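Got a structure here, written out as structure tokens. Questions coming.
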Amino acid sequence: MPQGASLPDADLLPADLLPEGLADRLPPHAASAVQITRAVTDTMVAHGYAMVQPPLVEFERSLASRMAGTGTRRMVRYTDPVSLRTLALRSDMTVQVGRIASTGLRDAARPLRLCYAGQVLAIRGDGLEPERERLQIGAEIVGTDTVAAACESVSLAIAALRAAGAQDISVDFTLPDLVETLSAGSLPLAPEQVAAVRRELDAKDAGGLKTLGADAYLPLLYATGAFDTAIEKLAAIDAGGALATRIAGLRRIADHVGGRAALTLDPSERHGFEYQSWFGFTIYADGLRGALGRGGTYRIGGEGGHDEAATGFSLYTDPLIQLCARTQGADRLFLPEGYDPDIADRLRAIGWQTVAQLSDADDPAALGCTHVLRGREPVRL
């Protein structure tokens with residue numbers, strides 16, 4: 001809203017108007033959302049991940065304190081009329097899974113594999129993505145942030161998206177703690193410089209790095225692109241060996257993924273990796289706008305001194321839902337009055353969608369039907 005503009009009178013707004021950034025999911029998009037959620041979560045469960053379902057609303061303090069960088073700035077908050085404490089609608093389910101792991105499942109054997117699916121709500125959209133509500137589906141390995149856990153997370157994210165219909169998947173690797181690691185080793189920085197250098201790398205600003213006197217970090221801007229080439233550039237920069245274990249880990253993850261996805265590397269990328277530690281990744285698919293998800297290693301904190309390593313990812317499948325809804329063309333069978341219910345049951349069991357006639361005014365074509373039941377067999381309209 002332009003500065004100085006007055007808010008519209010609520011009584012003059014249409015009664016059925018939805019808030020900005022929120023929308024109904026109509027046919028066939030709603031069906032597509034259900035199918036994709038099922039395909040993704042079924043893949044996770046098949047790999048040994050147990051489903052959890054945290055509540056939509058929690059105390060603000062709990063949501064804000066579990067992992068560094070999550071904060072409350074994106075949360076819709078209000079006062080609980082029962083406890084008079086501040087409540088918040090979740091903007092990220094990963095934080096809730098961390099709470100579950102550190103409380104109700106604190107004594108469960110590690111590594112603990114959990115998965116989830118649900119809606120999340122932000123107080124406002126971001127830039128070119130005005131949507132405030134999104135479907136988040138994810139999987140977490142609680143209790144470890146090893147290379148082996150990272151390999152499993154990347155591979156599972158790829159498998160889950162492929163099961164949901166995504167094609168030509170690509171994965172971009174990053175090292176969220178890159179600046180901190182280098183500044184403590186071969187490329188020292190004063191403590192007050194670290195945040196500034198990280199900011200200029202995020203902006204890909206070579207001039208800004210020079211102004212800070214951080215010329216040694218300039219080569220990081222060019223250690224990007226196809227993984228095989230970029231990892232060699234990164235290794236050449238790391239003459240002192242501060243990144244040796246991370247580079248070895250990236251190579252192992254890339255070897256594990258093999259040919260299942262195209263791999264790229266942008267080691268200084270931090271957008272969307274506010275709480276990840278040594279490893280992060282972003283996943284894309286051909287023909288879909290923007291990232292489909294992000295993941296990596298992180299730590300789960302909490303009250304009572306709880307601190308635990310974890311690895312996982314979150315998928316935001318709305319672009320894939322839009323694509324699948326446009327390509328859906330399921331056959332729908334019109335069942336005229338007097339149809340045999342046993343025949344209808346048999347046809348539904350093999351994948352038909354059926355629409356039963358309720359009155360003489362029912363028009364099969366207008367109801368979206370492609371076939372009509374004649375005797376025992378469907379006949380195309």
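If you fit an axis through the alpha-carbon atoms of helix 29-46 and take the longest principal axis of the Cα set of the chain, what angle between them do you get, 0 to 90°, nearest 10?
So the helix axis and the longest Cα principal axis differ by about 60 degrees.
Then there is this: Given charges of +1 on the Cβ of Lys and Arg and -1 on the Cβ of Asp and Glu, with all other atoms neutral, how large is the dipole of the chain about its Cα centre, in debye to the nearest 20?
620
Output the peptides 332-342, 241-251 sorted from most to least packed, where packing is the average of other Cβ atoms within 10 Å over each peptide's residues.
241-251, 332-342
Nearest 5 percent is fine: what portion of the DSSP beta bridges confined to the chain is antiparallel?
80
Specify which residue in the list Gln276, Thr94, Ala248 is farthest towards the positive end of the charge dipole of the chain, using unit charges on the beta carbon of Lys, Arg (+1) and Asp, Glu (-1), about the Cα centre.
Ala248
Right, another one. I want to verify the translational diffusion coefficient of the stretch 86-126 in µm²/s; compute it with Stokes-Einstein, Rh as the Kirkwood radius over Cα pairs, at 25 °C and 0.890 mPa s.
Answer from the Stokes-Einstein relation: 206 µm²/s.
Pop a pseudo-label 7 angstrom from the Cα along the beta-carbon direction at both Leu17 and Thr86 and give the gap in nm to one decimal.
The two pseudo-label positions are separated by 2.9 nm.
Starting from the eigenvalues of the Cα gyration tensor, five times each then square-rooted, give me the equivalent ellipsoid semi-axes of the stretch 144-283, largest first, whole Å.
Each semi-axis is √(5λ); the values are 28, 15, 14 Å.
Now for a separate question. Plugging the Kirkwood radius over Cα pairs into Stokes-Einstein for the stretch 116-195, at a temperature of 4 °C and a viscosity of 1.567 mPa s, what D comes out in µm²/s?
Result for D is 79 µm²/s.
Residue farthest toward the positive end of the dipole of the chain, with Cβ of Lys/Arg at +1 and Asp/Glu at -1: which of Ala235, Tyr217, Pro341?
My answer, from the dipole projection, is Ala235.
With equal scatterers on the alpha carbons only and no solvent term, can you work out the Debye log10 of I(q)/I(0) for the stretch 165-225 at 0.13, 0.14, 0.23, 0.24 1/Å?
So the normalised log intensities work out to -0.38, -0.42, -0.93, -1.01.
Here's something else I'd like to know. So what is the relative contact order of the chain, in percent, for Cα pairs below 8 Å that sit 6 or more residues apart?
18
Further question on the same structure: Keeping the other protein chains in place, figure out the carbon and sulfur percent of the accessible area of the stretch 333-381, with a 1.4 Å probe.
After summing per-atom areas, the C and S share lands at 51 percent.
Could I ask something else about it? In a GNM of the chain with a 10 Å cut-off on Cα contacts, which of Leu189, Leu315, Leu18 has the highest mean-square fluctuation?
It is Leu18.
Right, next: If you scale each eigenvalue of the Cα gyration tensor by 5 and take the root, what three semi-axes come out for the stretch 292-381, rounded to whole angstrom and sorted largest first?
49, 16, 12
What's the ranking of 293-304, 258-269, 192-203, 366-377 by average number of surrounding C-beta atoms within 10 Å, highest first?
Highest mean packing first, the order is 293-304, 258-269, 192-203, 366-377.
Another question about this same structure. Run a plain Debye calculation on the stretch 17-116 (Cα atoms as equal point scatterers, no solvent) and give log10 I(q)/I(0) at q = 0.19 Å⁻¹, rounded to two decimals, same order as the q list.
-1.10
Hey, another quick one. Search the structure for amide H atoms under 5 Å from the amide H of Phe334, placed 1.01 Å from N in the peptide plane, and list their residues when 5 or more places away or on another chain.
The answer is Val355, Thr370, His371, Val372, Leu373.
In whole Å, largest first, what are the principal axis extents of the Cα atoms in the stretch 213-340?
Largest to smallest, the principal-axis extents are 81, 45, 30 Å.
Per residue, how much accessible area does the chain show when a 1.4 Å probe rolls over the protein heavy atoms, in square angstrom?
That works out to 51 Å² for each residue.
In whole Å, what three semi-axes, largest first, describe the equivalent ellipsoid of the stretch 335-381 built from its Cα gyration tensor (square root of 5 times each eigenvalue)?
For the stretch 335-381, the semi-axes come out at 17, 12, 9 Å.
Provide the packing ranking of 110-118, 146-154, i.e. peptides ordered by the mean count of other C-beta atoms within 10 Å per residue, highest first.
Packing proxy ranking, top to bottom: 146-154, 110-118.
Now for a different question. For the chain, set up a GNM with springs between Cα atoms under 10 Å and report which of Pro27, Pro19, Pro54 has the largest fluctuation.
Residue with maximal mean-square fluctuation among Pro27, Pro19, Pro54: Pro19.
Rounded to the nearest 10 degrees, what's the angle between the helix 244-257 long axis and the longest principal axis of the chain, both from Cα atoms, 0 to 90?
Result, in degrees: 20.
Taking the Cα atoms only, what angle lies between the long axis of helix 191-202 and the longest principal axis of the chain, rounded to 10 degrees?
Compared with the principal axis, the helix lies near 40 degrees.
The values are calculated or read from the model by the stated rules, or taken from the named source; none is laboratory data. Everything numeric in this text was worked out from a predicted model, so none of it was measured. Neighbour counts run over all protein chains shown; Cβ positions are idealised from the backbone, glycine included. For accessibility, only protein heavy atoms count, side chains too; no ligands or nucleic acids. Shrake-Rupley method; radii C 1.70, N 1.55, O 1.52, S 1.80 Å.
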